[in-house]
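Down below is the structure, laid out as structure tokens.
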Amino acid sequence: MASILKLYLDIALLRRGPEDLPSSKALLFWTVIAFITLNALLMSVFPTPEGSWLPPLLVALGFNLVWYRVVLTLFGKPERFLQTVTAYIGFSCIVRLITVPLAAMMAPYAANPDTMPAPLLLVGLPVSAYLIYVAVRILKSAIERPVVQCLLLVLLQVLLEFLLVAGTLGEGAAASPAGTVG
């Protein structure tokens with residue numbers, strides 16, 4: 001267990017990639033369980049004003065599983081699905097320790113973002129860029145395409161996830177810190 005956690009941390013720190021994970025349905029299952037459990041713990045400490053965090057989390061998680069299945073199939077790499085989504089969700093577990101508290105600090109300014117303190121914004125922007133960069137790196141490793149192409153796919157993924165969560169559960173749910181990455 002500790003070696004898998006270290007592997008997820010190494011992926012987050014750009015030392016390793018999804019190819020370093022075993023291709024295992026059991027590992028993906030337990031990583032998803034750990035992700036949901038971690039979110040439950042974090043949401044008990046940093047509750048969202050929008051209400052329940054679980055429905056948006058499950059919608060986002062389901063979307064990302066389907067997204068990676070489709071993308072990997074389109075690029076002729078369906079055999080990399082287990083490693084890729086396990087790396088993505090495992091990485092998400094690591095960064096949730098930062099993004100959930102950060103989102104909770106930003107939440108009071110959602111209605112009027114102009115009043116957000118500059119230091120908070122200065123932390124939020126690089127964290128968001130980093131999350132996108134790591135997701136691009138995971139995808140690049142999986143589909144072996146140029147960074148720009150992977151960046152466009154990750155940005156499309158983030159946009160579609162937001163629209164799906166907002167469309168199915170309302171805008172407040174999409175703005176909550178319950179989405180998969182970030």
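The values are calculated or read from the model by the stated rules, or taken from the named source; none is laboratory data. Given the structure is predicted, the values throughout are model-derived calculations rather than measurements. Using ideal geometry, Cβ is built from the backbone for each residue, glycine included, and neighbour counts are taken over all protein chains shown.
Brief remarks on what is shown
- Residue match in the range 42-53 (condition: surrounded by 15 or more Cβ atoms within 10 Å (Cβ to Cβ), touching a residue at least 24 places away in the same chain (Cβ under 8 Å), aliphatic (A, V, I, L, M) and under 18 Å from residue 143 (Cβ atoms)): no
- Hits in the range 54-90 (condition: among the hydroxyl-bearing types (Ser, Thr, Tyr) and buried (at least 20 other Cβ atoms within 10 Å of the Cβ)): 68, 84, 86, 88
- Unique match (being modelled with pLDDT of 95 or more and under 27 Å from residue 129 (Cβ atoms)) among 74, 13: 74
- Boolean, residue 123 is free of Cβ contacts under 8 Å to residues at least 40 places away in the same chain, buried (at least 20 other Cβ atoms within 10 Å of the Cβ) and out of contact with any Lys or Arg (no Cβ under 9 Å at 6 or more places or on another chain): no
- Selection status of residue 142, of a type in the set (A, V, I, L, M, F, W, C), in a loop (DSSP other than H, G, I, E, B) and either without any contact (Cβ under 8 Å) to a residue 24 or more places away in the chain or closer than 22 Å to residue 24 by Cβ (or both): no
- Taking the range 77-99 as the range and being modelled with pLDDT of 95 or more and β-branched (Val, Ile, Thr) as the test, the residues that pass are 84, 85, 86, 89.
- Just one residue in the set 107, 129 is touching a residue at least 12 places away in the same chain (Cβ under 8 Å) and either of a type outside the set (Phe, Trp, Tyr) or in contact with a Ser or Thr (Cβ under 9 Å, 6 or more places away or on another chain) (or both); that residue is 107.
- Matching residues, the range 34-92, being assigned to a helix (DSSP H, G or I) and among the hydroxyl-bearing types (Ser, Thr, Tyr): 37, 44, 68, 73, 84, 86, 88, 92
- The sole residue among 27, 38 that is in contact with a Cys (Cβ under 9 Å, 6 or more places away or on another chain), of a type outside the set (Lys, Arg) and free of Cβ contacts under 8 Å to residues at least 60 places away in the same chain is 38.
- Residues that are part of a helix (DSSP H, G or I) and more than 24 Å from residue 130 (Cα to Cα) within the range 16-33 comprise 25, 26, 27, 29, 30, 33, listed in sequence order.
- Residues that are of a type outside the set (Phe, Trp, Tyr) and under 14 Å from the mean Cα position of the chain (by Cα), drawn from the range 30-57: 31, 32, 34, 36, 38, 39, 56, 57
- Pick from the range 12-29, criterion closer than 23 Å to residue 58 by Cα and surrounded by 15 or more Cβ atoms within 10 Å (Cβ to Cβ), ranking: farthest from the chain's Cα centre (by Cα): 23
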